[in-house]
Amino acid sequence: MLSARTATAVGVWAVAGVIGTTLFLYATPALEARIAPVLTEQSVEFDDDDRSPGRMCWTWIWTKARYAQPIVVSWALTVDGTAVEFPAITERRRDGQVLRNPQASSIGPGRNELCVSIPSDIDRVPGLTIRGQINYRMPHGLWTIWQELPVIRIPPLS
């Protein structure tokens, strides 16, 4: 039979193990994303003809610093000062294909020209932005990390 001292030690170590594992699995991916992001030097560029009624286009430029496989890329339309997000259907500008399955890009600089359809209900609302995130499966296989993409401030229609 276990002594009270041994039982207490086992209980303390079990609780510490559960807390440590939980912190490791939840905090470490966020720490990895902040310290060693997959994409660096992200920016967006616009041309004069990138904004039209019901549509916004932009060029997304980045440098991929390390290998990781994208699982999900999501963009959402938001109105500043609200918590409401509208899923943004994003397509490649060159061929109009909706982005369904993200593809891994090579290490180094990259760019993609993208467009989003804007619902007519919010097309003329001031303070409209597009926010994006990408989820990467890391090569070590322990977790995935989320990375924020550049915020696109949609200019109002003239």
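Taking the charge dipole of segment 83-158 about its Cα centre, with +1 at Lys and Arg Cβ atoms and -1 at Asp and Glu Cβ atoms, the residue from PRO150, GLY110, PRO87 reaching farthest to the positive side is GLY110.
Once you keep just the Cα pairs under 8 angstrom separated by 6 or more residues, what percentage relative contact order results for segment 63-109? So the answer I get is 49 percent. The charge dipole of the chain, taken about its Cα centre with unit charges on the Cβ of Lys, Arg, Asp and Glu (plus for the first two, minus for the last two), comes to roughly 640 debye.
Highest mobility in the GNM of the chain, judged by mean-square fluctuation with C-alpha springs under 10 Å and restricted to ILE130, ILE35, ILE71, is found for ILE35.
Taking the fewest neighbouring Cβ atoms within 10 Å as the starting point, the ordered list for SER52, SER3 is SER3, SER52. Across the chain, Cα pairs under 8 Å and at least six residues apart give a relative contact order of 26 percent. Go through (i) 77, 33, 26; (ii) 66, 36, 24; (iii) 80, 36, 24 and flag the label whose value is the computed Cα extents along the principal axes in Å for this structure. Entry (iii). The trypsin sites (Lys or Arg not before Pro) found in segment 82-158 that occupy coil by DSSP, while having at most 16 further C-beta atoms within 10 Å, are ARG93, ARG94, ARG100, ARG124.
Taking the chain as a Gaussian network of alpha-carbon nodes connected by springs under 10 Å, the highest mean-square fluctuation of the residues VAL125, VAL18, VAL73 belongs to VAL18. In this simple spin-label model, placing a label point 7 Å from the Cα along the Cα-to-Cβ direction at both GLN103 and LEU142 gives a separation of 3.2 nm.
Just so you know, all these numbers are worked out from the coordinates, no wet-lab data involved. Just so it is clear, the structure is predicted and the values come from calculations on it, not from any experiment. Cβ atoms come from the backbone with ideal geometry, glycine included; neighbour counts cover every protein chain shown.
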